[in-house]
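Q: Handing you this structure, nothing more for now.
The values are calculated or read from the model by the stated rules, or taken from the named source; none is laboratory data. All values derive from a computational prediction rather than experimental measurement. FYI the Cβ positions are ideal-geometry reconstructions off the backbone, even for glycines, and counts take in every protein chain you see.
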Amino acid sequence: MGGVSPRRLLRWFRAAARELPWRTEPRDPYRVLVSEFMLQQTQVERVVPRFAAFIAAFPSLGALAAAAEDEVLALWSGLGYYRRARLLHRLAREVVADGGSLERPAAELVRLPGVGPYTAAAVASLAFGERVPVLDGNTLRVGARVLGLAADPRSAPGRRRIAAWIEGLMEGAGPPGAVNEALMELGATICTPLAPGCPGCPLAIACAACAEGRPESYPPPRRRRATVALRWVAACCVDGEGRWLLRRVDEGPFLRGLWLPPLVELEAGADPLPEARRALHPIPAEAPAIAPTVRHSITHRRIEIVPLKFSVEPAAPPADAWRWADPSSSGLPTSSLLAKLVAALDSLDREP
């Protein structure tokens, strides 16, 4: 198996490819780069509207480089994994300082901030026609099934085998980027992890996993990272006009640079109230109302948050890193966690 006709694959792609805003011809390297950063660990459906707004605000690498980090993070809100936005912003500034061109081989693109082998290969092949395989979760799954690969495709030997197979498809098949994109599209829409649509697959005739009748057995299951359970308290201060007191997160391994109510990690069995008061100091805080627990996930962390609602009189924020804002239209970079906290506090008002 594995004797696939690349022309059959590309005919299928031309007929079935989804219309996505970064698939404009000729390919704009900047739009390809932004889309690849956004698509890391985020579904296409969530990326499309965010991509459009981001490109409207920052239509070029130069515009992105000139923007303030807060502006970039605000336009990234809702996509999560904000480190990607900071790295993309840093990349823009480095490239603009170096002349402003992204046109370079994958081996050089990978040296830029936030660019790994996958993103480098995607930009180099899609935007500049370099013959380099893109090895993402979709292409690795397709390759593992077509080749009947018993080894883990994410291992070094597995990746080498699938990369060689993709390079073979690229020989005489047209633009290398089209082969990469067709395989990524196939994995996203047909050769899915569960219930793959083999009857509609252009590679089914040469697919070892399909011939065996058990495509879902490939690739072998991946060992999952151990889940970490955390407990936080959120000190939610709300004034009479419904504005929330938000603080910029300047510490910790995640959420850095985002605006949220003060959050404190709780030790096992710790009373959340004293910790919330300490987080709010020097803001005077009366006895709060306790809202329903909020659950939030960040990568492998599963977090339970105890929201405490403090009704306070409007006062000047205690420092530059604090602001009063309408949580529904703050204009600040924030997280989906804020919307969850707002919903939890709103439920208090609905209680009889």
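Q: May I ask you to verify whether Val228 is within 25 Å of the chain's Cα centre (by Cα) and farther than 22 Å from Ala339 by Cβ?
A: So Val228 fits the description; yes.
Q: So, one more: Within segment 313-334, track down each residue that is crowded, with 17+ Cβ neighbours inside 10 Å and at pLDDT below 80.
A: The answer is Ser330, and nothing else.
Q: Determine if segment 58-71 includes at least one residue that is touching a Lys or Arg at 6+ places or on another chain (Cβ under 7 Å), more than 30 Å from Gly148 (Cβ to Cβ), at pLDDT 95 or above and crowded, with 17+ Cβ neighbours inside 10 Å.
A: yes
Q: I would also like to ask the following. Among (1) among the small types (Gly, Ala, Ser); (2) over 30 Å from Pro6 (Cβ atoms); (3) over 31 Å from the mean Cα position of the chain (by Cα); (4) not in a loop (DSSP other than H, G, I, E, B), there is one condition Ala270 misses while meeting the rest; what is its number?
A: (4)
Q: Okay, moving on. Mind listing just one residue for me: the one in segment 182-215 that is part of a loop (DSSP other than H, G, I, E, B) and aliphatic (A, V, I, L, M) and, of those, nearest to Arg301 (Cα to Cα)?
A: Within segment 182-215, the match that is nearest to Arg301 (Cα to Cα) is Leu194.
Q: When Phe13 is evaluated against the numbered criteria (1) closer than 20 Å to Glu185 by Cα; (2) in contact with an Asp or Glu (Cβ under 8 Å, 6 or more places away or on another chain); (3) modelled with pLDDT under 95; (4) of a type outside the set (A, V, I, L, M), which criterion, by number, is the only one it fails?
A: (3)
Q: Now, a different point. Of all residues being part of a loop (DSSP other than H, G, I, E, B), without any contact (Cβ under 8 Å) to a residue 24 or more places away in the chain and not charged (D, E, K, R) in segment 216-260, which is nearest to Asp346 (Cα to Cα)? Just the residue, please.
A: Taking the candidates together, the pick is Val249.
Q: Would you point out which residue out of Ala74, Ala56, Ala15 is touching a Pro at 6+ places or on another chain (Cβ under 6 Å), small (Gly, Ala, Ser) and part of a helix (DSSP H, G or I)?
A: Answer to the check: Ala74.
Q: Would you call Trp244 within 30 Å of Glu275 (Cα to Cα) and of a type in the set (Phe, Trp, Tyr)?
A: So Trp244 passes the test.
Q: With respect to Ala121, determine if the residue is touching a Pro at 6+ places or on another chain (Cβ under 7 Å) and surrounded by 19 or more Cβ atoms within 10 Å (Cβ to Cβ).
A: yes
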